[in-house]
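The structure under discussion appears below in the form of C-alpha cells.
The values are calculated or read from the model by the stated rules, or taken from the named source; none is laboratory data. Model, not experiment: these values are computed from the prediction. All Cβ positions, glycine included, derive from the backbone under ideal geometry; neighbour counts span all protein chains shown. For accessibility, only protein heavy atoms count, side chains too; no ligands or nucleic acids. Shrake-Rupley method; radii C 1.70, N 1.55, O 1.52, S 1.80 Å.
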Amino acid sequence: MKPVLKTSSLSLAFALAALSGCQGGASTGHTDTQNSTFRHGLPPTLRDADKLALTDTNVDYMLALRSAALKLTGNYPTAADIQKLQNSQNQAADYATIIDGYLNSPAFASMQVSFWRNTMKIGAGETVGTPAAMNDCAPTFAASLVAGPGVGGAGQDFRRVLTATTDGTGKAGTCPTLSNGVFTPGEAPAQTGIPVTGVLTDKAVMAQFMSSMAFRRGRWVQETFMCVRFPAETGTPPVSTPSAPAGYVNPWPWNSITGDDPVVSPAVAPINFLVRDGLICANCHATLNHIAPLFGKFDTTGAYVMGSAFKVPTPIATPRDSIMSDWLPAGETTAWRWQKPVADLPALAQAITADPGFGRCMATRVWNWAMSRGDVVNEGSVLTDALANPMAAAFVADNYNMKNMIRRVFNDPNYVRY
C-alpha cells in the first residue's frame, strides 16, 4: 500500500501558487489578484483557505446537541429534541432550553455519579475489603451537590464536598443514595473521635489511598481538588540557614522537613528528604510532609484511631508506625501551604476551598469533560489563564454552584463550534 499524503487546503493553495510561478506568471509580471490563474475557478473553501484558517465560523447546534446529550444523560438526543432544533427559528435559544432539560433530568444525576467515580478514582467495587455501598459514598455525595437533592433541584455549594459536617441533628448526609434522580440523605460509616469533614474523613477514601506515611492520601487531595501534581508550590525560597541547594524551588525553608543533611543536623533521619544531589526530593515533600500527618491516624480499613499514635507505616528496614519526626523536625506544624498552617482536617478543608486553585480546578474538570479532553493531571490537559480564570471567578461568584457552571460551559460559543 502506498503511503497517503495528507495536505491542508492552505498548503495546496501555496503549492498551486508556486506552480503558477514556475509556468512564467511571476517572470512575466503576473500579479495575484482575485481573478489570478491559481485562485480563479477554485471552490471558495479552497481559494480562501488562508483567510478561513484565521477564524472558525462553523457553528453546528445539531452536533453540539448530540455530544451534550451523551455527556449529560448518557444517551442520544430524542427524536423530539432533534426535530425541535432542526425546525427552530432560534437555534441558540432552543438549544439552551434542551440543555436545561438534560440538566434537570434523572439521567443527569446518574451521569454525575459516574463522573465523580472517575474523578475521585473510587466507586462501587474499587476498594478490597469494604462494602460496595461504602465505596460510593464520596462520588455520590459530590454528585448530589452538583445535581441537587431531587430531579430539577438547584446545585449546592460545592465546597461542602470537603467542608460538610454534622448538622444540628448530628447528621452530615455525606453518603446519600440515588434512585430515579432523587438523592436520599444517608450517613457514611461512622468515625470515632474525629468530626465529619466532607470526603476527607470518608472511610472508603482513606482505605483506598492507604500508603506509607499517608503520602497517597495527601496526593489524592492535591490532584483531585487542585488538579496539579506535586510539587504544589514553587517560588523563591525564603532566606534560611542553612541555605538550600541549587535546584530547590519550594518556598518552605530547606530545613522545615526531616532529613539527613549534615549542614542542618548531624542526626540521621529514618528517611532523608533533604538529599542535596540529583533529584531534589524536598521540592515535593516540603509541602507534602506538612499535609500527610493529618491523614496518618486512619488505619488500613480507613477507620480513624483515637490517641497520639499514627497508624501508617514508615518504610524503613524494620517497619514501624510513623512518628511525627519522620515527617517534620521539632517545632514544625502541619500546614496546607507555606505560611498557611492548619491544625486539623476541618481547618485543612477550609484552606483548600479558600485556595484560588480549587475553583480553577473545578472549572478545568468541567471544561475538559465537556470538550472530551484528557484528564488535567494524567494527560496534562491544562487550560490557559485567559480561559480558566474567568470560569473560576464566575464559579466563586455563583456561590460555588457547579450545576450552573456546567450549564455555562455547554452553552459556551466554543462548545457549539466544530
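For every residue, the table says whether it meets (1) closer than 24 Å to ALA343 by Cβ; (2) modelled with pLDDT of 85 or more; (3) not hydroxyl-bearing (Ser, Thr, Tyr).
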{"position": "THR234", "(1), (2), (3)": "no, yes, no"}
{"position": "ALA244", "(1), (2), (3)": "no, no, yes"}
{"position": "GLY247", "(1), (2), (3)": "no, yes, yes"}
{"position": "ILE257", "(1), (2), (3)": "yes, yes, yes"}
{"position": "VAL263", "(1), (2), (3)": "no, no, yes"}
{"position": "ILE280", "(1), (2), (3)": "no, yes, yes"}
{"position": "THR287", "(1), (2), (3)": "yes, yes, no"}
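Please give the helices (runs of 4 or more DSSP H) falling wholly within the stretch 320-418 in which 2 or more residues are under 22 Å from ASN118 (Cβ atoms).
On the way: elements: 324-327, 345-354, 356-370, 385-397, 402-410.
The qualifying helices (runs of 4 or more DSSP H) are 345-354, 356-370, 385-397, 402-410.
Scanning the stretch 370-394 for residues that are open to solvent by 60 Å² or more (accessible area, probe 1.4 Å) and in contact with a Ser or Thr (Cβ under 9 Å, 6 or more places away or on another chain) gives SER372, ARG373, VAL382. Of all residues in the stretch 102-116, exactly one satisfies the criterion of being surrounded by fewer than 18 Cβ atoms within 10 Å (Cβ to Cβ) and more than 14 Å from LYS71 (Cβ to Cβ), namely PRO106.
Restricting the first member to the stretch 151-162 and to residues that are more than 9 Å from MET402 (Cβ to Cβ), and the second to residues that are in a loop (DSSP other than H, G, I, E, B) and open to solvent by 20 Å² or more (accessible area, probe 1.4 Å), the beta-carbon pairs closer than 6 Å and six or more apart or on different chains are GLY152/ASN104; ASP157/ASN399; ASP157/TYR400; ARG159/TYR400.
One line per residue, one yes/no per condition, for (1) modelled with pLDDT of 95 or more; (2) out of contact with any Leu (no Cβ under 9 Å at 6 or more places or on another chain):
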residue: PRO270; (1), (2): no, yes
residue: ARG276; (1), (2): no, yes
residue: LEU294; (1), (2): yes, no
residue: ALA303; (1), (2): yes, yes
residue: SER308; (1), (2): no, yes
residue: LYS311; (1), (2): yes, yes
residue: ALA317; (1), (2): no, yes
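Residue count for the stretch 188-210 under the criterion of being in contact with a strand residue (DSSP E or B) (Cβ under 9 Å, 6 or more places away or on another chain), within 20 Å of ARG320 (Cα to Cα) and either in a loop (DSSP other than H, G, I, E, B) or open to solvent by less than 10 Å² (accessible area, probe 1.4 Å) (or both): the result is 2.
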